[in-house]
Amino acid sequence: MKTAKSSMGDSIRRGFQRLGSFFHKRPLDQELDAEMSSHIEMATEENMRRGLPTAEARRRALVRFGGVAQAKEQQRKERGLPWVDVLMQDLRYTLRTFRRDPMFTIVAVLILGLGIGANVAVFSVVNTLLLRPLPFGDPERLVWIAPANANGLSAATYSADAYEDLLVMNQSYADVTGYYAFSTPDNFKLTGHGDAKPVTGIAVAGNFFPMLGVRPELGRSFTKDESIKGGQAVTLLSHAFWMRQLGGDKEIIGKAITLDGRPVTVVGVLPETFDFGAVFAPGSKVDIFTPVWMDDIRMQGNTLTLIGRLKPAVSVAQAQAEAKTLFGKFYWRKTIPQSNNNYTAMPIELKEYVSGKLRRSLIMLWSAVGLILLIVCVNLSNLLLARAASRSKEFALRSALGAGRGRLVRQLLTESMVLAGIGAALGLGLAYAITGYMAHQGSIALPLLSNVRVDGAALTWAMLISVVAAILFGLLPGLKMSSDNLQETLKDSGHGMSAGRAHERLRSALVISELALACVLLVGAGLLLRSFVRVLDVDLGFQPATAAAIKVDYDDGGKTTKRNAIFEEIIRRISAIPGVETAGISDNLPLERNRGWGGPRAKGKDYKSGTVPGAFVYVVTPGYVKAMGMRVRGRDFAWQDDMKGESTVILNEQAAKFVSPEEDIVGKTVLIGNSEVKVIGVVADVHETNVEGKAGEQMYLPAMRDEWGPSGAELVVRTKLPPEQLAGSVMRTLKELNPNQPAVEFRPIQQIVDHAVSPRRFFVLLVGAFAGLGLVLASLGIYGVISYSVTRRTQEIGIRMALGATPRRVQLGVISKTLGLAAIGIGVGVVASVVVANLMASMLYGTKPTDPATLVAMMGLLAAVAVLAGYLPARRASRINPMVALRND
């Protein structure tokens, strides 16, 4: 036992000695030099005493001692940490090598920085949207409660009665909360802090924040009494609004701000990490939150979006099974006893609802940026092979001096790792810039985009892909150079000799793989671009160009006659502004907030339960249809229509076909609820929820009647001038009519359309940028291989030209080689592209995965770039002077 302890102690002592010697190498080396010099001097003096001359005596002493350098190296190995010493040697040699070849170093680092930066940026997006949990407490237990494939907000929401029934009757949820789904942007007016300012507010259930696990940064959440009608008017502020409008005043808690002319007490400020819009309403900002009073919305029908927190032992599947029987028992029975509105629900994880629809697109984007990294690795392998060829004599000599294959491979991998490390540092800076830019793109309707950042996971990913990339692009050149025959390498390194055929074939194979990968990227980007163009060509049912909308503030005191007078005067004054063609008002705009009622039915016809589709409802004034550029058959509403006369409606073609598939419905009477309504016009189908989906049934009801009260007012103006030129005139007119009109945004209708298609545009732009980068890298690879080939064949080309070959013939020969590589690469790429395109078929709109126009166009583009990349070396080859080429040999 004592011997074992002693041995262990000796081992530990030797380990510390080795570690100490590593940090004190210079003094120890000096001691070693002094000792060796003393030993050699003593041997020299002994030889001199034997009668040998001084020089011969020293020579024999050195021979007897052995190699001084070898002895030093052996001593260092025994006393120190050999692998650390070797690593430090490799690093120092690598840095000296890079300093001698700065152009190669700069190009390699730039290429790596672009590839790694793009990968880290996209990973940050994927991590935020798909991998990272939602910023709530225990987010995996949160579920979104709504019917499957609901069309429109009214179909995806529930009544106050249904919400209260669910709270009492369910067995799956620890708690259920919700928010009012029909809030509009700028639905409040803040006064008392200078000019009236628009404020966007959301009414939420009293338990909304506690159930999500969100604690206010300052103050508290709502109390139970504040969530009951008649309770104190209170609000919670978003962090951004608190900083922007109130300067981050911490004394605001308990004080009142004036919203819509009434004091509202601020009870709390939410944390900066909570962004309602990022999760529940992508592309929108929310300033304040108020408690929803259920009694106020009870008669409005389906208005609440519901979110549940599962009990610890309950799965989503169990909640779905309960929903099949439980939700069918909910009615509006408390307020409308005769109602038979059965509900359905398909609860899903909240994370799945927020970003599940984007999974395919994000995986495609991640794959695209992965291809970019592969192209980068192939390109760098090609550069390193070319560079290694110029260093072949160096490696041959090192091998002849005793360096083993592993030592050479390790040296090249060290160079690759250093390049990857520097490239990763550059790439991280690029990724920080890209993600910072993305996080501030509020116009893009992507969930959680404002939360995108380079976090610890992204840094880990950067380290991982840097190491993998270094191995990928460094291993092949290392193995190739270390396996070359010493004598053949020395021969190939001689002046004027062409590179080995195997070496050239390997570089050509790498270029072919680059071209194939670039082809896959280009075809994918081309298909997405073609789909996006098809989306932009969709007949929206209205003309967004030269039309703009602005939210109008008005106070009618709940009286229809006063509201009509206000609306008519607004439209009359706005229409008189020079450049305005027409104007009208609607309470909703297409592609934004929407609501649905029971659809129109033919008078005197019986319908089976569930066969009458719901219809999207717009309450509008005269002039709105024309201002939106909608095609109408029949007539528009008129101010002269008597409020108490015959009730009228305008239907879209889809609703008209349902009610009367055989006959023209204009002039006929239909049933809406229990009311008889005359159809005075039919308009084209309008895309009300998204550009790519089909239009549903729509009803346009006159704002002049009591029974169709609007829920807001969006003034739509069609103009001959750019909308921004009219913004000042329109706002001044509205201020003259209502001094309390807040300074809301005058939005072009095209901006609303752009917002609706922004997710597709986002993915198209990113994939297109990656495809362009892949194309540039592939062209650089072609240029490098062909240029290198021309340089190595200078003597051969000179001889051919001396024997009569024309410059044109030399050019054609070089370009034909380029086209040969391009043809093989494009051929392989097209086959792979068809496979990939079929996998992304669900992301295409109006475009087939094998769209011939896209395939031909992308093949032509890649071939053209390849020819251009090969033309420059071909032109240089055709200008070779035969005499100079032969004389230089």
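The values are calculated or read from the model by the stated rules, or taken from the named source; none is laboratory data. None of the values given here were measured: they were computed from a predicted structure. Neighbour counts run over all protein chains shown; Cβ positions are idealised from the backbone, glycine included. Note: accessible area is taken over every heavy atom of the protein model, side chains too, but ligands, DNA and RNA are not part of it. Shrake-Rupley method; radii C 1.70, N 1.55, O 1.52, S 1.80 Å.
Data table
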item: Any hit, region 780-787, residues being open to solvent by 40 Å² or more (accessible area, probe 1.4 Å), farther than 16 Å from ALA525 by Cα, assigned to a helix (DSSP H, G or I) and at pLDDT below 85; result: yes
item: Residues that are in a loop (DSSP other than H, G, I, E, B), among the charged types (D, E, K, R) and in contact with a strand residue (DSSP E or B) (Cβ under 7 Å, 6 or more places away or on another chain), drawn from region 701-744; result: LYS720
item: Residue in region 541-586 that is surrounded by the most Cβ atoms within 10 Å (Cβ to Cβ), counting only those that are more than 20 Å from ARG732 (Cβ to Cβ) and without any contact (Cβ under 8 Å) to a residue 12 or more places away in the chain; result: ASP556
item: Residue within region 629-639 that is outside any loop (DSSP other than H, G, I, E, B), at negative phi and either in contact (Cβ under 8 Å) with a residue 24 or more places away in the chain or not basic (Lys, Arg) (or both) present; result: yes
item: Filter pass, SER609 being within 24 Å of VAL659 (Cα to Cα), of a type in the set (S, T, N, Q) and not assigned by TED's automatic domain parsing to the domain that holds ALA281; result: yes
item: Residue list for region 591-609, restricted to those being in a loop (DSSP other than H, G, I, E, B) and within 14 Å of PHE182 (Cα to Cα); result: LEU591, GLU592, ARG593, ASN594, ARG595
item: Filter pass, LEU130 being in contact with a Ser or Thr (Cβ under 8 Å, 6 or more places away or on another chain), open to solvent by 10 Å² or more (accessible area, probe 1.4 Å) and outside the structural domain of GLY301 (by TED's automatic domain parsing); result: yes
item: Residues being within 30 Å of ASP138 (Cβ to Cβ) and assigned to a helix (DSSP H, G or I) - total across region 207-263; result: 14
item: Residue, nearest to ARG453 (Cα to Cα), within region 268-315, restricted to residues that are assigned to a strand (DSSP E or B) and open to solvent by 10 Å² or more (accessible area, probe 1.4 Å); result: ARG309
item: Any hit, region 814-826, residues being outside the structural domain of LYS694 (by TED's automatic domain parsing), at pLDDT 85 or above, surrounded by 15 or more Cβ atoms within 10 Å (Cβ to Cβ) and touching a Lys or Arg at 6+ places or on another chain (Cβ under 8 Å); result: no
item: Which listed residue is crowded, with 21+ Cβ neighbours inside 10 Å and modelled with pLDDT under 80, from ALA431, ALA389; result: ALA389
item: Region 713-732, residues that are within 23 Å of LYS626 (Cα to Cα), surrounded by fewer than 19 Cβ atoms within 10 Å (Cβ to Cβ) and not hydrophobic (A, V, I, L, M, F, W, C); result: LYS720, PRO722, GLU724, GLN725, GLY728, SER729
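Yes or no, residue by residue, for (1) part of a helix (DSSP H, G or I); (2) under 21 Å from SER816 (Cβ atoms); (3) at pLDDT below 75:
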position: GLY494; (1), (2), (3): no, no, yes
position: SER498; (1), (2), (3): no, yes, yes
position: ARG505; (1), (2), (3): yes, yes, no
position: VAL511; (1), (2), (3): yes, yes, no
position: ALA516; (1), (2), (3): yes, yes, no
position: VAL520; (1), (2), (3): yes, no, no
position: GLY526; (1), (2), (3): yes, no, no
